Amino acid sequence: MLKKRMRSVPLNFIRIGDSFWKKHIDLVENAIIPYQWEAMNDRIPDAESSHCIENFRIAAGEKEGKFYGAVFQDTDVAKWLEAVGCSLAGHPDEQLEETADEVIDLIGRAQQPDGYINTYFTIQAPEERWSNLTEGHELYTAGHLIEAAVAYYYGTGKRKFVEIMSRFADLICETFGEDKAIHGYPGHPEIELALIRLYEVTGKKQYLETAKYFVDMRGGEPNYFLEERKRADYKKIFPEFEGYLPLYSQSHLPVREQKTAEGHAVRAVYLYCAMADLAYEYQAQGLFNACENLWNNIVKKRMYITGGIGSSGLLERFTTDYDLPNERNYSETCASIGLALFGMRMAQITRDARYVDTVERALYNTMLAGIALDGKSFFYVNPLEVWPDNCLPKTSLEHVKSIRQKWFGVACCPPNIARTLASMGQYIYSVSEEGLCVNLFIENDCELRLGGETYLVRIKSKFPCENRFTIQIAGDAKLPNLWIRVPAYARSFQIIGTDIEGTEESIKASEHRVSYKVDKGYAHIREDVAGKTLTVTFDAPATFVRANPLVRADAGKVCIVRGPLVYTFEEADNGENLEALYIDTRQPLVEEYQENLLQGVVKVKAQGKRMQMQAWSEDALYQEIPVTLEDITMTAIPYPYWNNRGKGEMCVWIKELL
């Protein structure tokens, strides 16, 4: 661990102008936030109802009615407000801010006299407060509301929402603890990392201490959730929790003893985020070691090449090492977002770029796949292979959707994507008094305040279409240190420095190769870079990647990866029955940028074979017929953009022609 943790640059000091990301980020303000506001107010035709704004009006006593939705329905509002806060940090919008202020006022009016906020328990079951931590999601919901309040404060400077949530956080701290009324912890982690963020804003140490209590208590004996479920007055909420196992909620062991990622994937990575934060705050090496063990288990044995995690459609959970099926996996969008949050914390604590490699993979692939290019439809589940005809209700594949959905009854993913896109600036840089780390190669202008000095940082980039970008840093003082990430996929990485000398009449530019030392995946530059243009180049051609043979679903198959992007084959380019294709890895891959395809992408062409069907009649299911193959040219597109051209088959892993 570093003694001085690095931090992200505040969002109001960074402006993204990137050709790859801007088309997605601009959607937050122009499409996603307005669309989700309509969804939360039940104004999207033919979409599943949300009712979450209405729930708050009922809880505030302003309307009559019953609670509608999942027990955690309030989190849709919370994540929407968090996205708004992050968006306002970079793009002030008076009308949007006014709407958000009205929602915050509504939440304040729904707050109970003791500070409690939760529309389900306020409207439907006030006598059941804190009685079902296993399934009730009270602390999870509180966590998302707190995160929203912190984001809104950073985005607008307004403290009202923070004050509302501080009252609720005070109640939580007064209720839970060794010498308090309840000795439990949340069934769905989230409050832990939220309390730490609230501590950073308010300086109230009890928030940090309560987060630590929740993490330290988890997995102790007797198991809190099993004991809770034995109570005569325990009321079940979710039928699928019958036969509850502590493994599902990462409460099977004390967190410091956990070595494999288990249970519900989103719960797991939210917990690991808090563990990483607490390990740094308390310089707890044992807790940090557990974070490293869990991270390594995920990325080395339980993660899809797209950065997706949680392979089981049943209970949205991790299963066992190398169990990574392609057509029936879950890989919830929220889980990859949580993985990115966990990885960024680990990178900032260690200044180790290997964590950012995975963060980048998750953001560029699974997170982006979760939303259509128009920002108005979404994937909850992110498979690596789809045959639309067999994604049928009441089957083992009913969780897989072949087209993005307008909304979900459980709609955690759409607003989670919104808050992630709105806060992409937090991933680009890490900064401390020691200097600046460049993590992602996203074009931006940034004002950096470091050690009493102000620096203006500019990155110009067309990555990942081009593996070249420039960095300019201006300031009155020398930047102490500059670290530029060297991605694991980069070949022939080099940095060229350009100095401009002379007068307007006689300008001279001189170039030199910048010397650096690779330190934990970062090119560490010690020379003074002020006033220079640094040009970073590397090769990252499209290449064939194979899985460990222990990944049974991918044995004998390959996929195509170009830089951070995983590629996939669609029916739109390659015809139906993608399982009948074989790819020839002896033939070179050909890259082609196509501006009018999916708003501009590099597509990849490969040579291969297709099984011929002429000898088969439609009424012959099995026959002794030899395989005959025909030559074909196959086309692959970036995985995040699949299904933007209509319904059809999709496949990431293709059989290799041997």
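Please verify whether region 313-329 includes one or more residues that are surrounded by fewer than 24 Cβ atoms within 10 Å (Cβ to Cβ), assigned to a strand (DSSP E or B) and small (Gly, Ala, Ser).
No, because not a single residue in region 313-329 is surrounded by fewer than 24 Cβ atoms within 10 Å (Cβ to Cβ), assigned to a strand (DSSP E or B) and small (Gly, Ala, Ser).
If you take the residues of region 287-312 that are out of contact with any helix residue (DSSP H, G or I) (no Cβ under 6 Å at 6 or more places or on another chain), assigned to a loop (DSSP other than H, G, I, E, B) and hydroxyl-bearing (Ser, Thr, Tyr), which of them is surrounded by the fewest Cβ atoms within 10 Å (Cβ to Cβ)?
311
I'm checking my understanding of the structure. Among residues of region 337-366 that are among the basic types (Lys, Arg) and closer than 17 Å to residue 303 by Cα, which one is surrounded by the most Cβ atoms within 10 Å (Cβ to Cβ)?
Of region 337-366, the ones among the basic types (Lys, Arg) are 345, 351, 354, 361.
Still in the running and closer than 17 Å to residue 303 by Cα: 354, 361.
Details: 354: 17, 361: 30.
Once the filter is applied, the top-ranked residue is 361.
Sort out which residues of region 229-280 are farther than 24 Å from residue 300 by Cβ and β-branched (Val, Ile, Thr), and write them in order of number.
237
Looking only at region 376-391, which residues are in a loop (DSSP other than H, G, I, E, B) and closer than 10 Å to residue 406 by Cα? Full working, then the answer.
Going through region 376-391, the residues in a loop (DSSP other than H, G, I, E, B) turn out to be 376-377, 379-384, 387, 391.
Those that are in a loop (DSSP other than H, G, I, E, B) and closer than 10 Å to residue 406 by Cα: 376, 377, 379.
Is it the case that region 23-42 has a residue that's buried (at least 22 other Cβ atoms within 10 Å of the Cβ) and modelled with pLDDT of 95 or more?
no
Output the residues belonging to region 488-516 that are loosely packed, with under 10 Cβ neighbours inside 10 Å, modelled with pLDDT of 80 or more and not polar (S, T, N, Q).
513
In the set 362, 422, which member is closer than 30 Å to residue 450 by Cβ, touching an Asp or Glu at 6+ places or on another chain (Cβ under 9 Å) and of a type in the set (A, V, I, L, M, F, W, C)? Show your work before the answer.
On the way: 362 fails: touching an Asp or Glu at 6+ places or on another chain (Cβ under 9 Å).
Exactly one of 362, 422 is closer than 30 Å to residue 450 by Cβ, touching an Asp or Glu at 6+ places or on another chain (Cβ under 9 Å) and of a type in the set (A, V, I, L, M, F, W, C), namely 422.
Got a sec? Which of 584, 554, 528 is farther than 28 Å from residue 24 by Cα and crowded, with 20+ Cβ neighbours inside 10 Å? Steps first, answer last, please.
Numbers: 584 fails: crowded, with 20+ Cβ neighbours inside 10 Å; 528 fails: crowded, with 20+ Cβ neighbours inside 10 Å.
From the options 584, 554, 528, the qualifying one is 554.
Taking residue 248, is it touching a Gly at 6+ places or on another chain (Cβ under 7 Å) and within 27 Å of residue 358 (Cα to Cα)? Step through it out loud before you land on a result.
Working: touching a Gly at 6+ places or on another chain (Cβ under 7 Å): yes; within 27 Å of residue 358 (Cα to Cα): yes.
So residue 248 fits the description; yes.
Name the residue that is nearest to residue 314 (Cα to Cα), counting only residues in region 260-286 that are acidic (Asp, Glu) and either part of a helix (DSSP H, G or I) or out of contact with any helix residue (DSSP H, G or I) (no Cβ under 9 Å at 6 or more places or on another chain) (or both).
277
Among the residues of region 302-321, are any without any contact (Cβ under 8 Å) to a residue 60 or more places away in the chain, in contact with a Phe, Trp or Tyr (Cβ under 9 Å, 6 or more places away or on another chain) and within 19 Å of residue 522 (Cβ to Cβ)?
No; the residues of region 302-321 include none that is without any contact (Cβ under 8 Å) to a residue 60 or more places away in the chain, in contact with a Phe, Trp or Tyr (Cβ under 9 Å, 6 or more places away or on another chain) and within 19 Å of residue 522 (Cβ to Cβ).
For region 1-39, enumerate the residues that are closer than 24 Å to residue 197 by Cβ and touching a Phe, Trp or Tyr at 6+ places or on another chain (Cβ under 6 Å).
1, 5, 9, 36
Identify the single condition in (1) at pLDDT below 95; (2) in a strand (DSSP E or B) that residue 527 does not satisfy, given that it satisfies every other one.
Here residue 527 meets the rest and fails (2).
Taking the options 127, 135, name whichever one is assigned by TED's automatic domain parsing to the domain that holds residue 188, in a helix (DSSP H, G or I) and of a type outside the set (Gly, Ala, Ser). Give the derivation first.
Working: 135 fails: in a helix (DSSP H, G or I).
None of the others qualify; the one that does is 127.
Which residues, taken from region 118-132, are buried (at least 20 other Cβ atoms within 10 Å of the Cβ) and over 18 Å from residue 64 (Cα atoms)?
Pass one, region 118-132, residues buried (at least 20 other Cβ atoms within 10 Å of the Cβ): 118-122, 132.
132, the sole residue that qualifies.
Just the residues that are part of a helix (DSSP H, G or I) and surrounded by fewer than 19 Cβ atoms within 10 Å (Cβ to Cβ), please, taken from region 557-581. Talk me through it step by step, then tell me what you get.
Step one: of region 557-581, the residues part of a helix (DSSP H, G or I) are 571-574, 578-580.
Listed by number, the residues that qualify are 572, 573, 579, 580.
With the structure loaded, tell me whether residue 397 is touching a helix residue (DSSP H, G or I) at 6+ places or on another chain (Cβ under 8 Å), in the same structural domain as residue 471 (by TED's automatic domain parsing), touching a residue at least 40 places away in the same chain (Cβ under 8 Å) and in a loop (DSSP other than H, G, I, E, B) or whether it fails that test. Step through it out loud before you land on a result.
Details: touching a helix residue (DSSP H, G or I) at 6+ places or on another chain (Cβ under 8 Å): yes; in the same structural domain as residue 471 (by TED's automatic domain parsing): no; touching a residue at least 40 places away in the same chain (Cβ under 8 Å): yes; in a loop (DSSP other than H, G, I, E, B): yes.
The answer is no for residue 397.
Consider residue 609 carefully, then state whether it is more than 25 Å from residue 369 (Cβ to Cβ) and either surrounded by 13 or more Cβ atoms within 10 Å (Cβ to Cβ) or within 29 Å of the chain's Cα centre (by Cα) (or both).
Details: more than 25 Å from residue 369 (Cβ to Cβ): yes; either surrounded by 13 or more Cβ atoms within 10 Å (Cβ to Cβ) or within 29 Å of the chain's Cα centre (by Cα) (or both): yes.
Yes.
Report yes if residue 499 is farther than 30 Å from residue 592 by Cα, in a loop (DSSP other than H, G, I, E, B) and of a type outside the set (Ser, Thr, Tyr), otherwise no. Even if it seems obvious, please write down each step before you answer.
Numbers: farther than 30 Å from residue 592 by Cα: yes; in a loop (DSSP other than H, G, I, E, B): no; of a type outside the set (Ser, Thr, Tyr): yes.
Criteria not met by residue 499.
Just checking, which of 405, 472 is over 25 Å from the mean Cα position of the chain (by Cα) and either closer than 21 Å to residue 351 by Cα or not hydroxyl-bearing (Ser, Thr, Tyr) (or both)? Steps first, answer last, please.
Values: 405 fails: over 25 Å from the mean Cα position of the chain (by Cα).
Result: 472 is the single residue among 405, 472 that is over 25 Å from the mean Cα position of the chain (by Cα) and either closer than 21 Å to residue 351 by Cα or not hydroxyl-bearing (Ser, Thr, Tyr) (or both).
Looking at 279, 284, 232, 265 in this structure, which one is surrounded by fewer than 16 Cβ atoms within 10 Å (Cβ to Cβ) and either touching a Pro at 6+ places or on another chain (Cβ under 9 Å) or among the aliphatic types (A, V, I, L, M) (or both)?
Numbers: 279 fails: surrounded by fewer than 16 Cβ atoms within 10 Å (Cβ to Cβ); 284 fails: surrounded by fewer than 16 Cβ atoms within 10 Å (Cβ to Cβ); 265 fails: surrounded by fewer than 16 Cβ atoms within 10 Å (Cβ to Cβ).
After ruling out the rest, the residue left standing is 232.
For region 191-259, list the helices (runs of 4 or more DSSP H) that sit wholly inside it and hold at least 3 residues that are hydrophobic (A, V, I, L, M, F, W, C), assigned by TED's automatic domain parsing to the domain that holds residue 129 and within 16 Å of residue 172 (Cβ to Cβ); which are they?
Working: elements: 191-202, 205-217, 224-229.
By residue number, 191-202, 205-217.
State whether one or more residues within region 412-421 are touching a Leu at 6+ places or on another chain (Cβ under 6 Å), over 30 Å from residue 389 (Cα atoms) and either modelled with pLDDT of 95 or more or outside any strand (DSSP E or B) (or both). Reasoning before the result, please.
Start the filter on region 412-421 by keeping residues that are touching a Leu at 6+ places or on another chain (Cβ under 6 Å), which leaves none.
Within region 412-421 (the criterion being touching a Leu at 6+ places or on another chain (Cβ under 6 Å), over 30 Å from residue 389 (Cα atoms) and either modelled with pLDDT of 95 or more or outside any strand (DSSP E or B) (or both)), the answer is no, since none of the residues qualifies.
Can you tell me which residues in region 467-486 are among the acidic types (Asp, Glu) and assigned to a strand (DSSP E or B)? Lay out the reasoning, then the answer.
Residues of region 467-486 among the acidic types (Asp, Glu): 476.
Result: no residue meets the conditions.
Within region 642-651, can one find any residue that is out of contact with any helix residue (DSSP H, G or I) (no Cβ under 6 Å at 6 or more places or on another chain), among the aromatic types (Phe, Trp, Tyr) and in a loop (DSSP other than H, G, I, E, B)?
Step one: filter region 642-651 for residues out of contact with any helix residue (DSSP H, G or I) (no Cβ under 6 Å at 6 or more places or on another chain), giving 642-644, 646, 650.
Narrowing the set further to residues that are among the aromatic types (Phe, Trp, Tyr) leaves 642.
Applying the additional criterion that residues be in a loop (DSSP other than H, G, I, E, B) yields 642.
Taking every residue of region 642-651 in turn, at least one turns out to be out of contact with any helix residue (DSSP H, G or I) (no Cβ under 6 Å at 6 or more places or on another chain), among the aromatic types (Phe, Trp, Tyr) and in a loop (DSSP other than H, G, I, E, B).
Kindly indicate whether residue 184 is buried (at least 17 other Cβ atoms within 10 Å of the Cβ) and outside any helix (DSSP H, G or I).
Values: buried (at least 17 other Cβ atoms within 10 Å of the Cβ): yes; outside any helix (DSSP H, G or I): yes.
For residue 184, the condition - buried (at least 17 other Cβ atoms within 10 Å of the Cβ) and outside any helix (DSSP H, G or I) - is met.
Looking at region 474-498 only, could you name the residues that are under 17 Å from residue 456 (Cα atoms) and free of Cβ contacts under 8 Å to residues at least 60 places away in the same chain?
Within region 474-498, 474, 475, 476, 477, 478, 479, 480, 481, 482, 484 qualify.
The values are calculated or read from the model by the stated rules, or taken from the named source; none is laboratory data. Everything numeric here is computed off the predicted structure, so don't read it as measured data. Here the Cβ is made from the backbone with ideal geometry for all residues, glycine too, and neighbour counts use every protein chain on show.
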